[in-house]
């Protein structure tokens, strides 16, 4: 695999760059602070940590938004992060909202993906309800790896005002988290979007994050051909082609909705 780790100096540079970015986004919008959904995972934990550094704990409002598929451990970790960072937070159960949607459209019940994406979109609605009420921005928690392959819900966890850690591959997220003092048990925990029960990111993607990061760096973001990437990383062609396919199919998630070209 490609070594994408930062040096200590680079880690500190990234830390300062991201906290500066958060401050700039809040100042440019004339906002009173930020809202952040806390999942108990490493992406939201790192983003929260850096947001507190950038804005102060009093200017970050955390939302813990459990559903019936959410593990007790992850929700406990989400509250622990808020308490450790000394930020104000609310816990709002979203399953009653999911039930209301399915009551309105029962045909979708049993469609795991549709209902899972609905959960992500309901969380976005709540994030913006609080943010609009408090004149804050919604901070995203998406990273570079997941954005590249479309591993997020359009208008769900992708519906935010900015992505502070959006330039970091997943392995770099973990490295920076350790650098800024995130406890190891949180930095190393298995990643899951928890859109349905027993989901893990790597099982759903069908590839480890280490391999995904390396393929992205070498072939999608980098200059290497499929064949050269296979030789460098010692992976089979089907794996590289699958990552490229995910990248190409998810292009619509990374761009604004298209409109017809002007006739003028």
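Just one residue in the set 206, 181, 150 is surrounded by fewer than 23 Cβ atoms within 10 Å (Cβ to Cβ), in contact with a helix residue (DSSP H, G or I) (Cβ under 6 Å, 6 or more places away or on another chain) and on the phi > 0 side of the Ramachandran plot; that residue is 150. Scanning region 127-144 for residues that are assigned to a loop (DSSP other than H, G, I, E, B) and more than 16 Å from residue 90 (Cα to Cα) gives 135, 140, 141, 142, 143. Evaluate region 99-108: report whether one residue or more is under 16 Å from the mean Cα position of the chain (by Cα) and either under 18 Å from residue 204 (Cβ atoms) or in the same structural domain as residue 77 (by TED's automatic domain parsing) (or both). Checking region 99-108: not a single residue is under 16 Å from the mean Cα position of the chain (by Cα) and either under 18 Å from residue 204 (Cβ atoms) or in the same structural domain as residue 77 (by TED's automatic domain parsing) (or both). Flag: residue 217 matches the condition of being over 25 Å from residue 137 (Cα atoms) and either in contact (Cβ under 8 Å) with a residue 12 or more places away in the chain or surrounded by 18 or more Cβ atoms within 10 Å (Cβ to Cβ) (or both). Of the helices (runs of 4 or more DSSP H) contained entirely in region 27-112, those carrying at least 1 residues that are surrounded by fewer than 23 Cβ atoms within 10 Å (Cβ to Cβ) and touching a strand residue (DSSP E or B) at 6+ places or on another chain (Cβ under 8 Å) fall at 42-55, 72-85.
Counting residues that are within 16 Å of the chain's Cα centre (by Cα), which helices (runs of 4 or more DSSP H) fully inside region 171-264 reach at least 2?
Helices (runs of 4 or more DSSP H) meeting the threshold: 184-187, 201-205, 209-215.
Residue-by-condition table, conditions (1) outside the structural domain of residue 183 (by TED's automatic domain parsing); (2) modelled with pLDDT under 95; (3) within 17 Å of residue 128 (Cα to Cα):
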{"position": "13", "(1), (2), (3)": "no, no, no"}
{"position": "29", "(1), (2), (3)": "no, no, yes"}
{"position": "37", "(1), (2), (3)": "no, no, yes"}
{"position": "43", "(1), (2), (3)": "no, no, no"}
{"position": "47", "(1), (2), (3)": "no, no, no"}
{"position": "61", "(1), (2), (3)": "no, no, yes"}
{"position": "65", "(1), (2), (3)": "no, no, yes"}
{"position": "71", "(1), (2), (3)": "no, yes, no"}
{"position": "74", "(1), (2), (3)": "no, yes, no"}
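The values are calculated or read from the model by the stated rules, or taken from the named source; none is laboratory data. In this text, all values refer to a predicted model and were calculated from it rather than measured experimentally. Heads up, the Cβs are rebuilt from the backbone with ideal geometry, glycines too, and the neighbour counts pull from every protein chain shown.
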